[in-house]
1. Being buried (at least 19 other Cβ atoms within 10 Å of the Cβ) and either assigned to a helix (DSSP H, G or I) or touching a residue at least 40 places away in the same chain (Cβ under 8 Å) (or both) narrows it down to one of Val60, Val72, so name that one.
2. Let me spell it out: the conditions are (1) modelled with pLDDT of 80 or more; (2) surrounded by fewer than 18 Cβ atoms within 10 Å (Cβ to Cβ); (3) in a loop (DSSP other than H, G, I, E, B), and Ala570 meets all of them except one. Which number is the exception?
3. From the residues in region 175-193 that are open to solvent by less than 20 Å² (accessible area, probe 1.4 Å) and modelled with pLDDT of 90 or more, which one is farthest from Pro266 (Cα to Cα)?
4. Give me the pairs: first residue in region 366-382 and farther than 12 Å from Ser42 by Cα and open to solvent by less than 20 Å² (accessible area, probe 1.4 Å), second residue of a type in the set (D, E, K, R) and in a helix (DSSP H, G or I), beta-carbon distance under 8 Å, and six or more apart or on different chains, which are they?
5. Restricting the search to region 75-89, which residues are in contact with a Ser or Thr (Cβ under 9 Å, 6 or more places away or on another chain), of a type in the set (Val, Ile, Thr) and open to solvent by 50 Å² or more (accessible area, probe 1.4 Å)?
6. Which residues, counting only those in region 130-174, are of a type outside the set (S, T, N, Q), in contact with an Asp or Glu (Cβ under 7 Å, 6 or more places away or on another chain), surrounded by 13 or more Cβ atoms within 10 Å (Cβ to Cβ) and within 24 Å of Ala378 (Cα to Cα)?
7. Within region 395-436, restricting attention to residues that are part of a helix (DSSP H, G or I) and aromatic (Phe, Trp, Tyr), which residue is nearest to Ser42 (Cα to Cα)?
8. Please specify each residue of region 448-462 satisfying the condition of being open to solvent by 50 Å² or more (accessible area, probe 1.4 Å) and modelled with pLDDT of 80 or more.
Amino acid sequence: MQDLALRGHAGTAQSDRRKRIIGGLAVLGVVYGDIGTSPIYSFRACFEGANPVPVNPTDVLGVLSLIFWTLVLIISLKYMTFVLRADNRGEGGIFALIGLLRPWKGLERRWRWLLIMTGLFGAALLYGGIMITPAISILSAVEGLEVATPAFAPYVIPLTIIILLLLFAFQKHGTAKVGAVFGPIMVVWFVVLAGLGTGAIVNEPQVLKAVNPLYAFEFFHHTGWAAFLVLYAIFLVTTGGEALYADMGHFGRGPIRRAWFRFVLPAVLLNYFGQGAMLLAHPHQAVQPFFNLAPAWALYPLVVLTTVATVIASQATISGSFSLTRQAIQLGQMPRFRVVQTSAETRGQIYVPAVNWVLMIAAIGLVVGFQSSSNLAAAYGIAVNGTMVVTTILAFNVARERGGWRWPAALAFLIGFLFIDLSFFGSNLVKLADGGWFPVVVGIIFFTLMSTWRRGGALLQAQTAKSADKLETFIGEFAQSKVQRVPGTAIFLTGRLTQTPSALRHHITRNKVLHEQVILLTVLTSNASRVPADERIEVKFYPQGFYRVILHYGYMQGPNIPSELAACAAKGIDINVNDATYYIGRQSLLVGRKKGGMPTWRDQLFAFMVRNSVKATAYYQIPSDQTVEMGLQVRI
C-alpha cells in the first residue's frame, strides 16, 4: 500500500511537472513573441536608423549599456516587479487598470475625468502599435534574404505582403490548432538567439563591460544630443512589455516572471551583446548585425526561423487586438462588432472580422509606404511608449487607491518611472515627421470613436429616460387596463434598471396584448474582468407576472443570453427559451445640435456607428426568428 501511495505521489508530481512545462512553452509562444523578436531590428536601428550612431567602441558599448539597463529597469523592475501586481481578478492590461479605478464613478471631479480619458487614450494608442507590429516584424525577417545576396532585394516587399495576406486570412480559423507548436518553436528561437550571441561574445569578451552603467553615461557625455535622438531605437527592445502584462490573465504572473528571468532575458541579452561584439570586431557589418551573426551555411535556415518567429509574434499581437476590442465593447467604449468564438475549450480564442481586415490593410499599407524596417522603427516606438507612460500614471493611482501604498513609495514609483518613460517619449516625439505621426493619428481616431460612442450612449440613455415611467407606476396602470394576456414569455431588453422600456409601452399601445410572463432584461458589464457564474444572475419579482433579470458579465466575457435565461429556473423563473419572444427597441437617431449635447459632426459619427454596429440578436446570441424589433425615433 505504501508503494502504491508513493507511486501515486510520484505520478501526481510528474503530472504537475508536465503541466508546468506545457504552461511554460505556451508563455514563450504567446507572451514573448514580440519582445523576443526585437533583436532583429532594434540594435540595427541604433546604427542604421534615421539618426545613426557612429560605429566605434565608445558608442557600441554605450548603446549596449543603455539596452541592458532599459530591459532591467522597464521590463524587469517596472513590469515584472510592480505592474504585474495590479491585476483585476487575475486579468492584466490597460483596461484592467482602468477597471480597477472604477471608471465612470466620481467623473464630476475634473481630475478624475482626465485620468480616465488618459487611460482611454493609452488604450487607443495600442491600436497604432498593433498595426505596426506585423509589418515591422515580418519585413525585418524577410530583409535577411538581402544579406545572402542583393538579388533578393526586389522580392522583399512582395514576399512580405504575401506572408501578411496569408497570416490575416488564417485568423478566421482561430489559433487553437497551431497554438501547441508556438511554444517549441519559440524555445528553438531563444536558444538560437543565445547561441548566436554567445559565439560572438567569446571572440570579443570585452563587450561584457557594457553592463557597467558608466558606459551609458559616457555615451551621453561623448555623443550629446545624438544620444538622446537614438533613444527611440533603444526603446524598441521593450516592445512587448505591455503585451506581457495584458496576457497575465491567460497564464498568471508566476509563469510570466519565471519565463522572463530564467529564459527570455538571458537569451535576448546574449544576442544583443553578441551583435555588439561583432560590431567591435567588424564595424562595417552594421547594416544587418543580427543576420551577420550567423555563419554563411546557417543564413537561409536562420531567415526561415526568423520569419516563423515573427509570424508567431504577429499572431499573438493580432489575437491581443481581438481581446482588446472585446474589452472595449464590454466596457461600453466601442460599438458592437461581430465576435466569433473559434475554440470551444478556450474562451479567449476569438476572432473579430472587422478588426482583422482593418489591421491587414494597415499592415500592408505600412510595408508599401515605409519600404524598410528601419523606416518603420521610427514610427513604432511612440505608440508603445505612449501607452507605457499612461500605464505608469494609472498604476500609480491604482497603488494609492487599491494597493494601500503610502505617498512616499507611490511618488517614488511615479517620479522614477515617469522620468524614464518620458525620456524615451521625448526621443520618440522627435520622430513624428519620420513616421511617428502614424500611431498618433491612429490613436486620435480610436480615441475619438471611443469617447464619441460613450458620450453618445450616455446622451441617448438620458433622452429616452425622460419619457419613461417608473416600472412600479407602469405596472399599477397596467393592472387597471384591459390588455389581453396570452400564453408565453416576452423578453424586453433594456439598459435602464428602474424604468419601463419604451419598446414595452409601444408594444402595448400598438398591439393591445401582452404575454403572461414578462421579463425585463438588462446586461451589465462589471469593472472586474470576470464574474463567476453563481454571481451572474440577479432576479427581482413584480406583480402581474413581471420580472426584472439582470445579467452581470466581466469585461473579458462574452454574453450568451439564452443560456443564462435557461439557468433562471434555479432563481424561481421557469422560462421556455425555445418559445420566448424577444423585443428590442431599434433607435432611429435624429441628428441636430442640442444644448448640452455633442457637436453636429459627433452626432453624425455616433449615428453612423449605431447604424453599422452588430445587431443585438447577433451580439447577445439571441435567435433572430424569435425577435421583434420596434423602431423608435430619438433626438440626441
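1. Exactly one of Val60, Val72 is buried (at least 19 other Cβ atoms within 10 Å of the Cβ) and either assigned to a helix (DSSP H, G or I) or touching a residue at least 40 places away in the same chain (Cβ under 8 Å) (or both), namely Val60.
2. Among (1) modelled with pLDDT of 80 or more; (2) surrounded by fewer than 18 Cβ atoms within 10 Å (Cβ to Cβ); (3) in a loop (DSSP other than H, G, I, E, B), the lone unmet condition for Ala570 is (3).
3. If we take residues in region 175-193 being open to solvent by less than 20 Å² (accessible area, probe 1.4 Å) and modelled with pLDDT of 90 or more, then Trp189 is farthest from Pro266 (Cα to Cα).
4. Cβ pairs passing all conditions: Ala379/Asp434.
5. Correct list: empty.
6. Within region 130-174, Val156 is the sole residue that qualifies.
7. Only one residue fits best here, namely Phe424.
8. Leu449, Arg454, Arg455
The values are calculated or read from the model by the stated rules, or taken from the named source; none is laboratory data. Fair warning: this is a prediction, and the values are worked out from it, not measured in the lab. Every residue, glycine among them, receives a Cβ derived from its backbone with ideal geometry; neighbour counts consider all protein chains shown. Please note that ligands, DNA and RNA were not included when accessible areas were found on the heavy atoms of the full protein model with its side chains. Shrake-Rupley method; radii C 1.70, N 1.55, O 1.52, S 1.80 Å.
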